[in-house]
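Encoded as structure tokens, the structure appears first; notes follow it.
The values are calculated or read from the model by the stated rules, or taken from the named source; none is laboratory data. Remember, predicted model here, so these are calculated numbers, not experimental data. Counting neighbours? That spans all protein chains shown, and the Cβs are built from the backbone with ideal geometry, glycine included.
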Amino acid sequence: MAIVIKRAYESATHQDGYRVLVDKLWPRGVTKAQAKLDDWLKDLAPSEHLRQAFHEGELTWGEFRRCYLSALTEHKERLRPLAKRAHQQQVTLVYSAKDERHNNAVVLKQYLAMLKTQ
């Protein structure tokens, strides 16, 4: 199976499998019915300070990624069940950022993939 990422503003589909919102804030203009989420890991999203520093340009993508990966290691055991779930079914990490290549879901996907191999 796989871990994929998808913007909250894209329609949910059956192929998404287990859908998890990975942002601290609820996506603007999206209802719970539209989101069709199975879980919301808001406490595992980047800290407010880290998120703002990246969006304001105080941190490069590499710095943001490194800081967020470091923060995720503190939640390794909490994330392990999600990584294991990805062995059984598709897991879709749902995020709201406009930038599809530089966001917390991309980093979390990389971290979960690493946990799957441990």
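Between a first residue in the range 4-23 that is at negative phi and a second residue that is assigned to a strand (DSSP E or B) and of a type in the set (Ser, Thr, Tyr), which pairs have beta carbons less than 6 Å apart while being 6 or more apart in sequence or on different chains? Partner pairs satisfying both residue conditions: Val4/Thr92; Lys6/Thr92; Asp16/Thr92; Arg19/Thr92; Val22/Tyr95; Asp23/Tyr95. Just one of the listed residues (Asp23, Asp39) is within 14 Å of the chain's Cα centre (by Cα) and either β-branched (Val, Ile, Thr) or surrounded by 18 or more Cβ atoms within 10 Å (Cβ to Cβ) (or both), namely Asp23. Inspect the range 103-113 for any residue being of a type in the set (Gly, Ala, Ser), closer than 16 Å to Asp43 by Cα and either free of Cβ contacts under 8 Å to residues at least 12 places away in the same chain or surrounded by 13 or more Cβ atoms within 10 Å (Cβ to Cβ) (or both) and give the result as yes or no. Within the range 103-113, one or more residues are of a type in the set (Gly, Ala, Ser), closer than 16 Å to Asp43 by Cα and either free of Cβ contacts under 8 Å to residues at least 12 places away in the same chain or surrounded by 13 or more Cβ atoms within 10 Å (Cβ to Cβ) (or both). For the structure I just gave you, tell me whether Tyr95 is of a type outside the set (A, V, I, L, M), surrounded by 13 or more Cβ atoms within 10 Å (Cβ to Cβ) and touching a Lys or Arg at 6+ places or on another chain (Cβ under 8 Å). In short, yes.
This table checks each residue for (1) in a helix (DSSP H, G or I); (2) closer than 21 Å to Lys6 by Cα.
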position	(1), (2)
Leu50	yes, no
Ala53	yes, no
Gly57	no, no
Cys67	yes, no
Leu72	yes, yes
Lys84	yes, yes
His87	yes, yes
Ala97	no, yes
Glu100	no, yes
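Between Val30, Val107, Val94, the distinction of being modelled with pLDDT of 95 or more, among the β-branched types (Val, Ile, Thr) and out of contact with any helix residue (DSSP H, G or I) (no Cβ under 8 Å at 6 or more places or on another chain) belongs to Val30 only.
Scanning the range 42-53 for residues that are surrounded by 16 or more Cβ atoms within 10 Å (Cβ to Cβ), touching a Lys or Arg at 6+ places or on another chain (Cβ under 9 Å) and without any contact (Cβ under 8 Å) to a residue 60 or more places away in the chain yields Ala45, Pro46, Arg51.
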